[in-house]
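Quick notes on the structure that follows.
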Amino acid sequence: MTGLLKRVLHSRMAFALACLILVLLLNVVVTTATSGSPGSFFKIALTNGTLNGPLITILNRSSELVILAIGMTIVVSCSKGVDISVGGVMALSGSVSIWLLGFGQLPQNDYHVKAYVVPLVVGLLAALVVGLLAGLWNGFLVAKLRIQPMVATLILFTAGRGAAKVVGFGQIDKVDVPSYKWLGNFFTDAAGRNVLPIPTPILVAAVVVVVAAVLLRFTALGMNIQSVGINDKASRIVGLKSSQIILLAFVFCGACAAIAGMIATSRIYGIDANNIGKNIELDAILAVALGGNSLGGGKFSLAGSVVGAITIQALTTVLYSINVSADQLPLYKAIVVVIIVVLQSPDLRPMVNRAVGALGRVFRRPAATSDLVAQEGA
């Protein structure tokens, strides 16, 4: 029993689940204080054919981050670096999709798409292609030119959002077609009724997680990614094409960014290149760290990253509930990052053990001295 407990406490999921439980308890406390009902946070109701409740809202709002965290986990594990361009790729993919759907209509119709020029699926596929190409570019710089990942992805971090503004004519482009809202909200029928009770972003995120898990669990890809992340040179010696694996990891991350971008644009029925995916790359990195994954590459946990992404959204929800403004959120997230980095330090446990040992010696010393005096008096 003791051995099992030690394995659980030392698992990558233990820290992630502990953080999630702590943040959920904070949400319960805040919800209880505002509503007076301790169980209201966990209440899920079926209203007009759709599920509603704080937990559903957290899962819905964390969908884009969950998808990005999956792609970021693969990149970190394989390349020992991060992709900071995902926010810019989200904006660029969304802009290209809307531009293609309303080809020639945007300036004439006051930057509103009144009807599709091409089918919706074509616009969505175009956004996915943009994400794949962006990932291919990042992967080429990292895998072939050996540029450090953060420096390589810094290009699209800045240029991606600028290109999105150019494609969107520098305006907030809107899509006035009901079907465009499906991906970021609910699937509806011709009468406008919701077909499924679960928000579409949750379903899309679940599909991405399942597909990634199946590919990495039941093929050699997962083991190869870990091998390259642990020791790139040794992987090449045993015959693995490490550059191709790193390239594939960035392509997959670009596809995840495109999917997240399509969901984000569908939520607001348009594209705001200035704000779509703004600073979300930092949340994706934080989700990976919260999930117990080492930012130095190697072994990874997709489940941990998913839990980390949900934890971040739950933390954002509770901070908004206590009237923390959006401008102040980065400060609190920075505090969380510092705590995570400290807790994951390999030197922390020896330091704690030495400190505990020193305190023990301090408290034992007076007792030993008093015993010696008593013996001398006798």
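Summary of values
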| quantity | calculated |
| --- | --- |
| Residue within the stretch 105-122 that is within 20 Å of the chain's Cα centre (by Cα) and crowded, with 19+ Cβ neighbours inside 10 Å present | no |
| Some residue of the stretch 88-100 being without any contact (Cβ under 8 Å) to a residue 40 or more places away in the chain, outside any loop (DSSP other than H, G, I, E, B) and hydrophobic (A, V, I, L, M, F, W, C) | yes |
| Every residue from the stretch 158-185 that is under 14 Å from L106 (Cα atoms) and open to solvent by 70 Å² or more (accessible area, probe 1.4 Å) | K165, V166, F169, Q171, I172, D176 |
| Filter result (modelled with pLDDT under 85, open to solvent by less than 70 Å² (accessible area, probe 1.4 Å) and in a loop (DSSP other than H, G, I, E, B)) within the stretch 32-64 | G36, S37, G39, G49 |
| Residue within the stretch 213-229 that is modelled with pLDDT of 90 or more and over 30 Å from S243 (Cβ atoms) present | no |
| Any chance V142 is within 19 Å of A284 (Cβ to Cβ), of a type in the set (V, I, T) and either part of a helix (DSSP H, G or I) or open to solvent by less than 60 Å² (accessible area, probe 1.4 Å) (or both) | yes |
| Any hit, the stretch 285-297, residues being assigned to a loop (DSSP other than H, G, I, E, B), touching a Pro at 6+ places or on another chain (Cβ under 8 Å), of a type outside the set (V, I, T) and at pLDDT below 90 | no |
| Of residues in the stretch 293-315 being of a type outside the set (A, V, I, L, M) and open to solvent by 20 Å² or more (accessible area, probe 1.4 Å), the one nearest to I155 (Cα to Cα) | G296 |
| Hits in the stretch 208-222 (condition: more than 15 Å from the chain's Cα centre (by Cα) and not basic (K, R)) | V210, V211, A213, V214, L215, L216, F218, T219, A220, L221, G222 |
| Matching residues, the stretch 187-206, being under 19 Å from Q313 (Cβ atoms) and either in contact with a helix residue (DSSP H, G or I) (Cβ under 6 Å, 6 or more places away or on another chain) or open to solvent by 70 Å² or more (accessible area, probe 1.4 Å) (or both) | P199, P201, I202, A205 |
| Residue within the stretch 316-328 that is in a helix (DSSP H, G or I), farther than 17 Å from L25 by Cβ and open to solvent by less than 60 Å² (accessible area, probe 1.4 Å) present | no |
| Search result, residues across the stretch 53-103 that are of a type in the set (S, T, N, Q) and either touching an Asp or Glu at 6+ places or on another chain (Cβ under 6 Å) or under 26 Å from Q226 (Cα atoms) (or both) | S63, T73, S77, S79, S85 |
| Verdict on T188 being over 24 Å from the mean Cα position of the chain (by Cα) and among the hydroxyl-bearing types (S, T, Y) | yes |
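The values are calculated or read from the model by the stated rules, or taken from the named source; none is laboratory data. Since we're looking at a predicted model, the values are computed, not measured. Here the Cβ is made from the backbone with ideal geometry for all residues, glycine too, and neighbour counts use every protein chain on show. Note: areas computed on protein heavy atoms with side chains; ligands, DNA, RNA excluded. Shrake-Rupley method; radii C 1.70, N 1.55, O 1.52, S 1.80 Å.
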